[in-house]
Amino acid sequence: MRHITSIATIAVAGLLLAGCDQNTASNQSNSPSIAQDSPSSLRDSGLRGASAPLSDKSKDFVTESAMGNLFEIEASKIALDRTNFADVKEFAMKMIADHTKSRDDLLAVTQSSTNVVVPANLDMDHMAMIDALNKATNLEFNRRYIDQQMIFHTNALEAMQDYMKDGDHPELRTFADMATSTIK
């Protein structure tokens, strides 16, 4: 039974890795922990800092996006240390690279906004998920990490698509569109 669970975990990790890798492979260097695009290149592609105050909806979106990036980076660092599976390590490196870039992109969009603070630390809910990863036995770890990733990416995709549809800030809608492509 444990062998089947391990195989299923590896298969899910491979699917996640393949799905996240489709649209961003050409943007990544051989060093997956370094983001390719800088905030200045983001501005060149149409994302500029938000100069006006953000609405409550936009502030909530920024907070949710920032928390997601922080969580993904932290969870994936733990995965790099804990897993023995090459596919899971590769996926974790990809998540660190993608979410570091997303964090930098979000900061570029919000840098001049006067009424938003991009969180720099995880909230209690996200810390609980990190604690669950840290407390997982070696046998449980890969499954717990992959399960969290599947749930998180499904929720993140929905949040990005919702903001693209109903968001009131053009640069944040562009950010959501770019993030959606990466998540898919």
Is there a residue being over 25 Å from Phe91 (Cβ atoms), open to solvent by 60 Å² or more (accessible area, probe 1.4 Å) and not basic (Lys, Arg) anywhere in segment 148-160?
-> no
Filter segment 103-137 down to residues that are outside any loop (DSSP other than H, G, I, E, B) and among the small types (Gly, Ala, Ser) and give me whichever is most open to solvent (accessible area, probe 1.4 Å).
-> Ala128
Find all pairs meeting these conditions: Cβ atoms under 7 angstrom apart; at least six residues apart or on different chains; first residue within segment 79-97 and farther than 13 Å from Phe141 by Cα; second residue modelled with pLDDT of 95 or more and of a type in the set (Val, Ile, Thr).
-> Ile96/Ile73
Of a type outside the set (Ser, Thr, Tyr), open to solvent by less than 30 Å² (accessible area, probe 1.4 Å) and closer than 18 Å to Arg82 by Cβ - does that describe any residue in segment 165-173?
-> no
Near pairs, Cβ below 7 angstrom, 6+ apart or cross-chain, from segment 153-172 (among the charged types (D, E, K, R)) to any residue that is open to solvent by 20 Å² or more (accessible area, probe 1.4 Å) | Asp168/Ser55; Asp168/Lys57; Glu171/Arg48
Sole residue being modelled with pLDDT under 95 and either under 16 Å from the mean Cα position of the chain (by Cα) or within 22 Å of Ala75 (Cα to Cα) (or both), chosen from Ala97, Ala120 | Ala120
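The values are calculated or read from the model by the stated rules, or taken from the named source; none is laboratory data. Note that this is a predicted model, so its numbers are computed, not measured. Neighbour counts are summed over all protein chains in view; Cβ atoms, including those assigned to glycine, are modelled from backbone coordinates with ideal geometry. To get the accessible areas, we keep the full protein, side chains included, count just its heavy atoms, and leave off ligands, DNA and RNA. Shrake-Rupley method; radii C 1.70, N 1.55, O 1.52, S 1.80 Å.
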